[in-house]
1. Could you give the spread of the C-alpha atoms of the range 182-251 along their three principal axes, from largest to smallest, in whole angstroms?
2. For residue 287 paired with residue 147, estimate the spin-label separation in nm (one decimal), with each label point 7 Å from Cα along the Cα-to-Cβ line.
3. Using 0.36 nm per residue, how much length does the chain from residue 201 to residue 162 gain when fully extended, once their Cα-Cα distance is taken away?
4. Just the Cα atoms of the range 260-338, one point each, no solvent: what log10 I(q)/I(0) does Debye give at q = 0.24 Å⁻¹?
5. Considering only protein heavy atoms, with the full assembly of protein chains and a 1.4 angstrom probe, order 165, 321 by accessible area, largest first.
6. Given a 1.4 Å probe and heavy atoms of the protein chains only, how would you sort 220, 256, largest accessible area at the top?
7. If you take the square roots of the eigenvalues of the alpha-carbon gyration tensor of the range 121-257 and sort them as a ≥ b ≥ c, do you get rounded (a/c under 1.5), prolate (a/b over b/c) or oblate?
8. If packing is taken as the mean number of other Cβ atoms within 10 Å per residue, what is the order of 236-242, 182-188, 120-126, 257-263, highest first?
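The values are calculated or read from the model by the stated rules, or taken from the named source; none is laboratory data. Keep in mind that this is a model prediction, so the values were computed, not measured. Cβ sites come from the backbone with ideal geometry, for glycine too, and all protein chains shown count toward neighbours. Only protein heavy atoms, including side chains, enter the accessible area calculation; ligands, DNA and RNA are left aside. Shrake-Rupley method; radii C 1.70, N 1.55, O 1.52, S 1.80 Å.
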Amino acid sequence: MENSQPGQPSPDEIRTPEVDIPENKEVLSESELDPKDKDVQDTKGTDEGQEDQVSLLTEDKDNLESPPPEDGPQQPEPVLGTQPSAEAVKVEPNPQELPQSPSNHQHETDFYCVKWIPWKGERTPIITQSTNGPCPLLAIMNILFLQWKVKLAPQKEMITSDELMAHLGDCLLSIKPQEKSEALQLNFQQNVDDAMTVLPKLATGLDVNVRFTGVSDFEYTPECSVFDLLGIPLYHGWLVDPQSPEAVSAVGKLSYNQLVEKIITCKHSSDTNLVTEGLIAEQFLEVTAAQLTYHGLCELTAAAKEGELSVFFRNNHFSTMIKHKSHLYLLVTDQGFLQEEQVVWESLHNVDGDSCFCDSDFHLSHALGKEAGAGNGAQSQETQRQVDQDYMIALSLQQQQQQATLGLSDLELARQLQQEEYQQQQAQPMPPRAPSPQG
């Protein structure tokens, strides 16, 4: 082996204890540690050393994991021209494999909690995440779960990214091309190969580059083949308002990466028009830093189909989206709402992020907001009950006040009106008199 140490005994040293080997194998290790006989052993003939080496390995072949010398043409492997010892052949491969195992299985530590919701009359799982990271794998798999194309065991509470990718791979391999022509089948097979290649990237993030001309306009990359094969639309809402012709001219049909390069180029240009155009494009990116415009939201609502499940890309995050009764909703995958059965969907009707939560039937939920999922479930319920109680007390006081006003008799009401009228007369100023000489 190439990793043998310089102090390791030569094969000639192993020949000395050949008489004592049948009695105790430990003599082999003692001879290796004793370098006294090295000069004596070097004077022996080469043929005699080879015969002794063969006899030694033949006697211990039942106790060694390495193959016998007859089957191992690997004797001249070492660079220095020395044959590896029997103990070196047995021990060396294990330390080389152990350091590699943690890095190979590092991604297996990604665990996700499973939340079971009632979806169209059937108990359906969705996958939640503890951090708001760029995980398109969860967005795609939640769509497959809501479409019942992938099912989990009823008692499943935790799942790993490897299990999710295995389910997704099975779905991709089970898809059959709709066209029978040879060219289309080859194209379909190429898309499947591209999709299987980018599967590991789904757990960390995809290379998605939006174009500002349409909600479905993206620069094509091999990662997009996953959405095409599964028939899952991919949308975004980062569009240029057509009522701003200067911004439309500055941005054009460029993608995000191309627009950033254009801004850098225009800033260092000597042409005043190019500098101005670069400043307009930079201002567009600053104003629309939320990556969702009102024009984009309107176009997104019009483009999505009723009841369609899709993936919405915004701020480097992938969300599961659905259109229900002409309104858009995003699936709530925050792990803080794992125990909140009434929090399933979040409305998407505002650019600023002001939204409300709904249950699986799109009925308005009484959750306080996004910050409710960050705390304890029992604490959020207690806070909700306190708010409801305060509201009921205020409403009761208001009703009592109204009833007290409406419950007056006619005589009491007449006296009250007369008293108010008298007070108004007293508050009026006296009519002006003739001015005195001193005035």
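1. Here the Cα extents, ordered largest to smallest, are 45, 32, 18 Å.
2. Computed distance between label sites residue 287 and residue 147 equals 3.8 nm.
3. Taking 0.36 nm per residue and subtracting the Cα distance, the gain is 12.9 nm.
4. Each listed q corresponds, in turn, to -1.09.
5. 165, 321
6. My answer, sorted largest first, is 220, 256.
7. Oblate, because a/c is 1.5 or more while a/b does not exceed b/c.
8. 236-242, 257-263, 120-126, 182-188
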